Every structure is written in structure tokens, then in C-alpha cells.
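Just so you know, all these numbers are worked out from the coordinates, no wet-lab data involved. Computed from a prediction, not measured in an experiment: that's the story for all the values here. Cβ atoms come from the backbone with ideal geometry, glycine included; neighbour counts cover every protein chain shown.
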Amino acid sequence: MDKNNNITGSGLVKVNAFIDNKAKQLCYYLRGFWGNQIAYSELELFFWDILEEWSQVDYDLSQPYSSKERAFWHLLHQMHFWDAEKLMYDDELIEELQGCANYLEGKGACPADCIGIRP
């Protein structure tokens, strides 16, 4: 296989490819929730789907995190941790999460408080 390919010989997705793909989806789901187009229950299903798909990712504990990966895990964990009302109406939380989402979408720098870790 081509060394630039994001798939290993075992067919498992690599970390960077997973984060690049799922970050777009995560931002879509959160922005859809904030726009009243996606129900909170869908956010929860998305969270569990991400964890299930993460089990197929090829990584080891010594592999370093990128800023994008840290922002992704932070945003995902926060989305799952807070209830629907807090996610929808807490201005400070929304501002923090929008900063992470903006960064994941290539709009701005990584916020200092996006410090997520792998599950």
C-alpha cells in the first residue's frame, strides 16, 4: 500500500484520517442541534457511534496527539457530558464549544481550553 494512504494493511483506519472525517460530522451535529435541526437524542447516538468506530482505529498509547485531535475529543466529551438544556442555553459553554468547532472547521486557532483525550 501507498505510504500516504490512511489505511493500514489490516484495514484499520489511522488516527488522523478518523479525526479529519469525524470532526466534520461532529461540527455538523452540534451546529444542527444549536439550529434546532437535530434532536439531543441524535447527539447521543452520534456519540456512541463515534466510540464504536474508534474501536477500529489503529493507534497505540505512545502515539502523540495533534491539536485537532485534542479539540475533537474535548468537543465530543463536552457534547456528551452536558444535558440538552445546558448545551443549548449556556452562553459560556456554547462560546467554548463554538471555538473548538470553528478550529476543527479550519476557522481560527485552537482554543487553549480544548484539551480532550482519547477514550
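Could you say which residue among Q78, Q63 is of a type in the set (S, T, N, Q) and crowded, with 16+ Cβ neighbours inside 10 Å? Break it down into steps so the answer makes sense when it comes.
Values: Q63 fails: crowded, with 16+ Cβ neighbours inside 10 Å.
On inspection, the qualifying residue turns out to be Q78.
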Which residues, counting only those in the range 30-40, are without any contact (Cβ under 8 Å) to a residue 40 or more places away in the chain and either within 15 Å of N102 (Cα to Cα) or touching a helix residue (DSSP H, G or I) at 6+ places or on another chain (Cβ under 9 Å) (or both)?
G32, N36, Q37, I38, A39
